[in-house]
1. Tell me yes or no: at least one residue of the range 54-65 is touching a residue at least 40 places away in the same chain (Cβ under 8 Å) and small (Gly, Ala, Ser).
2. Being of a type in the set (Val, Ile, Thr) and within 20 Å of residue 89 (Cβ to Cβ) is the filter; apply it to the range 24-63 and report the residue that is surrounded by the fewest Cβ atoms within 10 Å (Cβ to Cβ).
3. With respect to residue 94, determine if the residue is in contact (Cβ under 8 Å) with a residue 60 or more places away in the chain and either of a type in the set (Lys, Arg) or touching a strand residue (DSSP E or B) at 6+ places or on another chain (Cβ under 9 Å) (or both).
4. Determine whether the range 85-97 contains at least one residue that is closer than 19 Å to residue 34 by Cβ, hydroxyl-bearing (Ser, Thr, Tyr) and assigned to a loop (DSSP other than H, G, I, E, B).
5. Considering only residues that are among the aliphatic types (A, V, I, L, M) and more than 12 Å from the chain's Cα centre (by Cα), which ones fall in the range 73-110?
6. Filter the range 57-84 for residues that are assigned to a helix (DSSP H, G or I) and charged (D, E, K, R) and give the result.
Amino acid sequence: MIKNYIEKANFEETGFSYTLSLISGKHKMVILYCLMEFEPVRFNELKRYIKNISDKTLSANLKELERDGLIARKEYPQIPPKVEYRLSERGKSLMKVMDQLCVWGERNRI
């Protein structure tokens, strides 16, 4: 099915390519998974869940996911500042796909 779809259209114009552009990168899918499991999540909590990610990289990924409408950021007007992240409705709709990736991984683990 995917092969036939790709043959009919330029790959960059496919839904598959678009979806990959939203979740590609080393950490975006992990961030989305953490938000699915633990939301709402604060920045430092995400750092603890993901480990081995710099503040700069995490911040950039969060901004991209927010820009793409997959996560929502809520800032509380207090000192010290408090910011929480959660999946947007659009992001929640992607979790069905990610859940299937998890199922596939469990069934096909070598």
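1. No, every residue in the range 54-65 fails to be touching a residue at least 40 places away in the same chain (Cβ under 8 Å) and small (Gly, Ala, Ser).
2. Among them, the one singled out is 41.
3. yes
4. Yes, some residue in the range 85-97 is closer than 19 Å to residue 34 by Cβ, hydroxyl-bearing (Ser, Thr, Tyr) and assigned to a loop (DSSP other than H, G, I, E, B).
5. Hits for the range 73-110 are 79, 83, 101, 103, 110.
6. Those that are assigned to a helix (DSSP H, G or I) and charged (D, E, K, R): 63, 64, 66, 67.
Quick note: the coordinates plus some simple rules give every number you see, no bench work behind them. These figures come from a predicted structure and were not determined experimentally. FYI the Cβ positions are ideal-geometry reconstructions off the backbone, even for glycines, and counts take in every protein chain you see.
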